[in-house]
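> This structure is in structure tokens; I'll ask about it shortly.
The values are calculated or read from the model by the stated rules, or taken from the named source; none is laboratory data. Note that this is a predicted model, so its numbers are computed, not measured. Cβ atoms come from the backbone with ideal geometry, glycine included; neighbour counts cover every protein chain shown.
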Amino acid sequence: AQSVTQPDIHITVSEGASLELRCNYSYGATPYLFWYVQSPGQGLQLLLKYFSGDTLVQGIKGFEAEFKRSQSSFNLRKPSVHWSDAAEYFCAVCSRSSNTGKLIFGQGTTLQVKP
Amino acid sequence: NAGVMQNPRHLVRRRGQEARLRCSPMKGHSHVYWYRQLPEEGLKFMVYLQKENIIDESGMPKERFSAEFPKEGPSILRIQQVVRGDSAAYFCASSPPVVHVQETQYFGPGTRLLVL
């Protein structure tokens, strides 16, 4: 079955430290890949997406993600975390052969930022 | 250009009542998706609609749940005879009419339903 796994439920980092959030997917073929961020009580905001081409994708707010086909991974990174980055992060995929575009989400990773 | 609008933002219902959740897509968007987020979980796809058509309802519970997206007006997600297990955040997303349905979805702020 198609699935998305975010192995880390909670992560705490110090402000200014680097960040990496993991995402692995299980799919028949490489899907489209997304990272969303959800602040408390808010909706989801798209950080970045990978459709094709360069496997290192730049997003908003200084985030980037790298697609690694051999590892079925799409990890999110940021070199220096800001306190305002504290939120919940969701990795999501969509099948390339989908005729509906529905997204399959991981369970989410809650990021806490220490001063 | 206003984003995706959802109302109400919070909804409290007693068991057995009906819940109606509304979603107005972004201007120019004709595709609407509904997702449900149960406590401590990720979002789960429920239904995908285009104007006046349900395209994919594979994620909708078989009973009590229905969705529509009329020619005029917002998309409505209706839950009849609510139970405590329906308590969740319900998110709507919209996307523009494009060749590839994998176009970016823009999410609304969600409706948080609490069933007492």
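> Looking at this structure, is A:VAL81 of a type in the set (Val, Ile, Thr), assigned to a strand (DSSP E or B) and crowded, with 16+ Cβ neighbours inside 10 Å?
Spelling it out, it is not the case that A:VAL81 is of a type in the set (Val, Ile, Thr), assigned to a strand (DSSP E or B) and crowded, with 16+ Cβ neighbours inside 10 Å.
> Would you check which residues across the stretch A:64-97 are without any contact (Cβ under 8 Å) to a residue 24 or more places away in the chain and in contact with a strand residue (DSSP E or B) (Cβ under 7 Å, 6 or more places away or on another chain) and list them?
Scanning the stretch A:64-97 gives A:GLU64, A:GLU66.
> Looking only at the stretch B:94-116, filter to residues that are among the hydrophobic types (A, V, I, L, M, F, W, C) and modelled with pLDDT of 95 or more; which one of those is nearest to the chain's Cα centre (by Cα)?
Here the answer is B:LEU113.
> Run down A:LEU21, A:LEU56, A:LEU76 and say which single residue is at pLDDT 95 or above and surrounded by fewer than 20 Cβ atoms within 10 Å (Cβ to Cβ).
The conditions single out A:LEU56.
> Hand me the list of strands (runs of 3 or more DSSP E) wholly inside the stretch A:1-59 holding 1 or more residues that are farther than 19 Å from A:HIS82 by Cα.
The strands (runs of 3 or more DSSP E) meeting that bar are A:3-5, A:24-26, A:32-38, A:44-50, A:56-58.
> Could you say which residue among A:TYR25, A:TYR36, A:TYR89 is away from chain B (no Cβ under 11 Å) and either hydroxyl-bearing (Ser, Thr, Tyr) or within 30 Å of B:LEU49 (Cα to Cα) (or both)?
One residue alone meets the criteria, A:TYR25.
> Then there's this: Among the residues of the stretch A:84-113 satisfying the criterion of being among the β-branched types (Val, Ile, Thr) and either under 22 Å from A:GLY41 (Cβ atoms) or at pLDDT 95 or above (or both), which is surrounded by the fewest Cβ atoms within 10 Å (Cβ to Cβ)?
Among residues in the stretch A:84-113 that are among the β-branched types (Val, Ile, Thr) and either under 22 Å from A:GLY41 (Cβ atoms) or at pLDDT 95 or above (or both), the one surrounded by the fewest Cβ atoms within 10 Å (Cβ to Cβ) is A:THR110.
> Follow-up question, since we're still on this one. Please go through the stretch A:79-96 and pick out each residue that is charged (D, E, K, R) and over 24 Å from B:GLU41 (Cα atoms).
Residue satisfying the conditions is A:ARG96 alone.
> Moving to a separate point now. Which of (1) in contact (Cβ under 8 Å) with a residue 24 or more places away in the chain; (2) within 12 Å of chain B (Cβ to nearest Cβ) is the odd one out, the single condition A:THR100 does not satisfy?
(1)
> Does A:PHE63 meet the test of being within 26 Å of B:VAL4 (Cα to Cα) and crowded, with 19+ Cβ neighbours inside 10 Å?
Yes; evaluated as a whole, the condition is true for this residue.
> Show the residue pairs that are 6+ apart or on different chains and have beta-carbon atoms under 6 Å apart, the first residue being within the stretch A:15-33 and without any contact (Cβ under 8 Å) to a residue 60 or more places away in the chain, the second being small (Gly, Ala, Ser) and assigned to a loop (DSSP other than H, G, I, E, B).
The qualifying pairs are A:ASN24/A:SER72.
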